[in-house]
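Data first, discussion second: the structure below is written as structure tokens.
The values are calculated or read from the model by the stated rules, or taken from the named source; none is laboratory data. Everything numeric here is computed off the predicted structure, so don't read it as measured data. Quick reminder, even Gly has a Cβ in these numbers, built from the backbone with ideal geometry, and neighbours come from all protein chains shown. In case anyone asks, the SASA skips ligands and DNA or RNA and just uses the protein heavy atoms, side chains included. Shrake-Rupley method; radii C 1.70, N 1.55, O 1.52, S 1.80 Å.
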Amino acid sequence: MEKKIFLTEKDMPRAWYNIQADLPNPLPPPLNPATGEPITPDMLAPILPMNLIEQEVSTERWIDIPDEVMERLLMYRPSPLCRAYALEQFLGTPAHIYYKNEGVSPAGSHKPNTAIAQAYYNKIAGIKRLTTETGAGQWGSAISFACNQFGLDIKVYMVRVSYNQKPYRRIMMETWGGRCVPSPSPDTSVGRKFLAENPEHSGSLGIAISEAIEDCVTSKDTKYSLGSVLNHVIMHQTIIGLEAEKQLAIAGEYPDVVIGCAGGGSNFGGLTFPFVRDKIHGKEVRIIASEPTSCPTLTKGPYTYDFGDTAGTTPLLPMHSIGHGFVPAPIHAGGLRYHGMAPLVSRVLMDGLIEAKAYNQVETFSAGLIFARTEGFIPAPETNHAIACAIEEAKRAKEEGKEKVILMNFSGHGIIDLPSYDAFMSGKLEDYSLPDEDIAELIKDLEKFPKP
Ligand SMILES: Cc1ncc(COP(=O)(O)O)c(C=O)c1O
């Protein structure tokens with residue numbers, strides 16, 4: 001009865017998996033909003049270094065992890081795969097529940113897996129400074145850590161509501177030498193526009209992205225870095241699923257159900273894409289993305305072309321979206337409040353390779369509390385969505401009397417999110433589902449865009 005399954009450092013995967021090589025239907029290209037034509041790699045060059053643009057469009061199945069990236073990943077990888085015996089016992093389920101613990105990284109989540117790679121590729125391309133946005137602050141802290149490792153400057157635009165709710169994340173960024181400002185900020189013309197409309201604007205990921213991109217294209221030796229959504233980001237995260245595959249094999253198991261929470265899709269794609277590949281090749285496995293009812297991108301948003309940001313400065317991406325004008329309710333799962341979704345995750349949903357489910361905030365925190373009181377670790381609010389789904393599946397296995405194997409991603413710990421647990425335990429958290437009328441209004445604006 002092993003509780004944790006470790007891989008040795010020498011058994012850690014040496015290449016990332018690129019699902020673009022195996023997709024049954026290729027990804028539609030991003031489009032230039034002005035012309036409606038596919039964008040070319042050189043059009044991305046003002047914001048991304050060429051080596052990452054190459055990865056973005058690559059259809060090579062495996063891409064080697066450079067030694068300098070490997071060196072940093074080894075600070076906390078391979079991450080443990082844990083069997084949740086206590087949770088299973090609490091639920092009285094015959095299911096075997098496994099969780100991949102990505103909370104063991106320096107920043108406390110899966111985000112450093114791509115932050116390290118992105119900082120490295122920018123460094124070798126001669127870039128001196130990065131700009132980025134962050135919601136809950138997990139990504140901002142991860143990229144600050146990674147930039148520090150490679151000697152790059154970093155400026156982080158943090159959604160104001162989270163900046164105020166989560167001061168410790170800013171302090172983490174500063175500890176690693178990063179600079180963090182609340183968004184909308186007076187530092188960019190986009191930020192000033194939103195502040196003029198409302199000086200107390202709570203911000204959104206879409207606005208913070210617009211600010212970070214504006215800063216990037218108007219500054220010297222600077223590129224932009226994104227913590228989710230893009231193809232290369234998800235590819236860097238596949239280290240999670242590749243390790244988990246090997247670890248489950250050591251335990252003599254293969255999953256019936258694989259679960260991840262989905263904000264922009266990076267930890268979900270990172271854990272599940274190696275299993276989606278198996279499914280494409282005939283394996284039977286259910287793969288579930290779990291998202292909040294307050295931002296139901298995959299469960300209610302159409303598959304459409306939309307901007308990646310609020311100001312409309314990015315190319316049009318083929319994805320599930322509830323509209324780039326979305327300003328989220330201030331729930332605590334900050335990292336899941338993005339209006340769009342990774343084009344790769346959107347594509348595999350359209351192809352019926354994955355499912356999506358939405359959960360209310362209160363049930364996700366109830367699940368997180370059960371997890372903390374059985375397995376001990378306090379999960380990030382985002383991670384609670386995956387746990388709520390895993391618990392639901394484990395209960396189903398009990399009803400059906402089946403010994404199912406459930407694999408889920410523990411995308412991060414919640415030790416810096418304790419005020420949200422406080423709010424939950426004192427009965428102050430309320431459920432919120434984005435009304436269908438609001439979604440209908442938000443997506444009206446997308447009718448003018450071509451359909452993927
Ligand atoms: C712990 C944690 N899990 C999940 C997410 C959601 O992001 P993604 O969907 O890209 O994994 C975030 C985003 O900040 C996060 O911090």
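Using Cα-Cα distances under 8 Å and only pairs 6 or more residues apart, what relative contact order does region 240-370 have, in percent? Here the relative contact order equals 26 percent.
Each peptide in 182-191, 86-95 was scored by the mean count of other Cβ atoms within 10 Å over its residues; highest first, the order is 182-191, 86-95. For the chain, the dipole from Cβ point charges (+1 on Lys and Arg, -1 on Asp and Glu) about the Cα centre works out to 680 debye, to the nearest 20.
Contact order normalised by length for region 342-400, with contacts defined as Cα pairs under 8 Å and 6 or more residues apart; what percent is it?
Worked out over region 342-400, it gives 28 percent.
Dividing the alpha-carbon radius of gyration of the chain by the rule-of-thumb value 2.2 N^0.38 Å gives 0.90. With all protein chains kept in place, the per residue accessible area of the chain amounts to 36 square angstrom at a probe of 1.4 angstrom. The C-alpha atoms of the chain define a longest principal axis, and helix 381-400 lies at about 30 degrees to it. Only helical runs count toward this figure. For the chain, summing -39,500 (n - 2.57) over DSSP H runs of n ≥ 4 and dividing by all residues gives -12500 deg cm²/dmol at 222 nm.
Shown here: region 153-257, whose C-alpha atoms stretch 59, 32, 27 Å along the first, second and third principal axes, sorted largest to smallest.
Accessible area of VAL104 (1.4 Å probe, protein heavy atoms only, ligands and nucleic acids ignored): about 60 Å². For the set LEU205, LEU316, solvent exposure ranked by accessible area (probe 1.4 Å, protein chains only) runs largest to smallest as LEU205, LEU316. Each Lys and Arg contributes +1 and each Asp and Glu -1, all at the Cβ; summed about the Cα centre of region 40-152, the dipole is approximately 340 debye.
Ranked highest first by average number of other Cβ atoms within 10 Å, how do 219-232, 429-442 line up? Write down the numbers at each step before the final one.
On the way: 219-232: 21.6, 429-442: 14.3.
Order by mean packing, descending: 219-232, 429-442.
With the whole protein complex present, THR59 retains an accessible surface near 90 Å², based on a 1.4 Å probe.
Centroid-to-centroid, using Cα positions, region 76-90 and region 186-227 are 39 Å apart.
Over 28 Å between Cα atoms: which of LYS111/LYS155; LYS155/LYS357; LYS4/LYS428 fall into that group?
Details: LYS111/LYS155 17 Å; LYS155/LYS357 34 Å; LYS4/LYS428 36 Å.
Over 28 Å Cα-Cα: LYS155/LYS357; LYS4/LYS428.
When both bridge partners sit in the chain, DSSP labels roughly 35% of those beta bridges antiparallel. Give the shape of region 99-182 as rounded, prolate or oblate, defined through the alpha-carbon gyration tensor: a ≥ b ≥ c are the square roots of its eigenvalues, a/c under 1.5 means rounded, and otherwise the shape is prolate if a/b is larger than b/c and oblate if not. Oblate, because a/c is 1.5 or more while a/b does not exceed b/c. Against the chain, whose longest principal axis comes from its Cα atoms, helix 112-124 is set at around 40 degrees.
With contacts taken as Cα pairs under 8 Å at a separation of at least 6 residues, the chain carries a relative contact order of 19 percent.
The alpha carbon gyration tensor of region 56-203 gives principal lengths a ≥ b ≥ c with a/c of 1.5 or higher and a/b no greater than b/c, which makes the shape oblate.
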